[in-house]
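The structure under discussion appears below in the form of structure tokens.
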């Protein structure tokens, strides 16, 4: 990724918050890398090097600044729209794609060669895939050190380190001091507790339309596994054989506050990654809005909701079942049917929390279940069973791997999944920014209201060509306007 030195230095001198997360500054005289908004004295131009990511700066030998704390910078997807392969690779890395696998394994899942993947990472991120994964672990650990009172051993496992020894060695090498020495607020260490309670901040680049996000999730909330109140979203979760809950609400300083209750601390990086996907925290809303506002129909919608995000999904199989249930029926009806499936086939939480009483059923539970007894047509029940069987047969069925067209083709091979359903799954679960369910009734109605005439699916698809590569965000604007 090319960074103009003079332009970056001007942003650095102004401490321009708009560039926070877009680049990091390595200071050659101190060996430290900082955010553009760092309050430290501005170094001279000849003493700085600019990097597109924290991983690139760290791999070059710089250590994170203790004042501006690079781990608190918004995680912007600066590579989006530049390399879809890198985008998908980062999504897999966030979900643990390199925890127990090699770069070659990751490249195979993406359908490219290992050398080509490394070249793309160097070109767009300035760092190798392994360096990106390691930097994420280090910065998460540093965030937990600063924002919690967890003992260092719990910080190590909660941030993805395989051992306390490796954790200590990494911090000693990077910061020339033990991890505990980085904790500013001295006080008694407080373990995560019997239920693994942890509170932390998930940062984003403003603006953020939280009311629209919450309303979207509220209308689709499934009884028993999701609760949406006036300003908070909560749900039950299951990972690696353990149960728990998460809740998210807005916080000050361009961040959401997540309360995680999960006994298995080693799952925290995956929980954070999934929450960031659900709330689309990696998006850079201003460039997306500027592109979509070129269309006169979308311009007023974009102006009204400048920080609109595309809500993601917590679990791929759950989203696929939701999508099939939502075929040609109202959103509220689909949510009610999903609640019936949860009540009939979902596992009950060992420790319920209020209205959070169940977990979403696993594929094994729905593969052979008689779903017609819940009041749905046989064809719909058969489609749900087909999705469950396909998910059991292919663990990587819902991976954001080889691109939108490949994903849609794979999904459409499942009985009962058509173009609309495949595009909807790609939009919310695979996080494809250009996914677009053109046959959606809500989208066509929204366009009809604004254009004053009826529009077919093919006409809408042609119209959406100018919205690329952000058609998913255009769809979200139309849905929000019609809602």
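Rule-based calculations on the coordinates, nothing more; no lab input. Note that the structure is predicted; figures quoted are calculated from it, not measured. So basically every Cβ, Gly included, is an ideal-geometry build from the backbone, and we count neighbours across all protein chains shown.
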| task | Taking the Cα atoms of the stretch 392-483, report the difference between the largest and smallest coordinate on each principal axis, in whole Å and largest first. | result | 46, 25, 23
| Per the Kirkwood formula on distinct C-alpha pairs, the Rh of the stretch 437-483 is how many angstrom? | 10.5 Å
| Cα-Cα pairs of the chain separated by more than 45 Å (percent) | 11 percent
| query | If you rank 428, 274, 10, 450 by fewest surrounding Cβ atoms within 10 Å, what's the result? | reply | 10, 450, 274, 428
| said: Below 8 Å between Cα atoms, with a sequence gap of 6+, how large is the relative contact order for the chain in percent? | reply: 12 percent
| query | Based on the alpha-carbon gyration tensor of the stretch 188-319 and its eigenvalue square roots a ≥ b ≥ c, which shape applies: rounded if a/c is under 1.5, prolate if not and a/b is larger than b/c, or oblate? | reply | prolate
| request: Give me the angle, in degrees from 0 to 90, between the Cα long axis of helix 471-482 and the longest principal axis of the Cα atoms of the chain, rounded to the nearest 10. | output: 60 degrees
| message | Output the 0 to 90 degree angle, nearest 10, between the alpha-carbon long axis of helix 268-278 and the longest principal axis computed from the alpha carbons of the chain. | response | 60 degrees
| remark: To the nearest 10 degrees, the tilt of helix 5-14 (Cα long axis) against the first principal axis of the alpha carbons of the chain is 90 degrees
| field | Largest to smallest principal axis extent of the C-alpha atoms in the stretch 199-482, angstrom | value | 52, 47, 34
| said: For the stretch 326-404, take N as its residue count and report Rg(C-alpha) divided by 2.2 N^0.38 Å. | reply: 1.22
